[in-house]
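The block underneath contains the structure these notes are about, expressed in structure tokens.
The values are calculated or read from the model by the stated rules, or taken from the named source; none is laboratory data. Since we're looking at a predicted model, the values are computed, not measured. Cβ: placed from backbone, ideal geometry, glycine included. Neighbour counts: every protein chain shown.
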Amino acid sequence: MDTEFINSIEEDHINAHTLKPQLWVELHADHLFKYAYRRINDEEVARDLVQETFLAALEKVSTFKGDSTERTWLTAIIKYKLIDLYRKKARTTNRIQQSANEDDFFDPDLNNWKKEHWPAPFGIEDQDPLNNNEFKQVLQQCLQKLPALWMSVFTMKHVDEEVTDTICKELRISSSNFWVIIHRAKVNLRSCLQKNWI
């Protein structure tokens, strides 16, 4: 076999396990910032999370095995930083607050919305990018109005697409509590979107 070819394979294997922290800001900061900002909608906190991620990664350089790319590894670290933030926010919420009475919206006999509260079309069905961007901004504003725990649960479920068991474990809530929170978050988001978008 060609010695040069073997050497290049060995070099690639070594490089797969070698991190380049001096290039992290240039190569990964924007990606990590967007990842965090999309989930928390707070630029300052997103920047802090990116910095914390780089610091944590520097402390864990020796644990990097090269099983994933550098970016995937850093993204996993910021994901856990976000979960820690969600937990912290969840702890500050002592109890679930309900801003709207469920009986106002739902008919228990039909197990569905009352006719007068059926969701109206949101007007983004035409896939117009301008409308979609405006809708996303309004949705982010509505998400920010939710109690911290509700926002954390909703974001993990519908943005991060985490499974229910993981969310319950990470935020230390029961399964029944999870479903109550999701339900109430959706009711509140729907109400906020109808006031601010439609």
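Taken over segment 151-171, the criterion of being under 22 Å from ALA36 (Cβ atoms), in contact (Cβ under 8 Å) with a residue 12 or more places away in the chain and of a type outside the set (Phe, Trp, Tyr) is satisfied by MET151, SER152, VAL153, THR155, MET156, LYS157, VAL159, ASP160, ILE167, GLU170, LEU171. In the condition set (1) surrounded by 12 or more Cβ atoms within 10 Å (Cβ to Cβ); (2) free of Cβ contacts under 8 Å to residues at least 60 places away in the same chain; (3) not small (Gly, Ala, Ser), GLU59 is compliant with all but (1).
Quick check on segment 136-156. Is at least one of its residues at pLDDT below 85 and either charged (D, E, K, R) or exposed (fewer than 15 other Cβ atoms within 10 Å of the Cβ) (or both)? Yes, segment 136-156 has at least one match. Going through segment 34-46 one residue at a time, which ones are under 14 Å from LEU74 (Cα atoms) and surrounded by fewer than 17 Cβ atoms within 10 Å (Cβ to Cβ)? Scanning segment 34-46 gives a single hit, LYS34.
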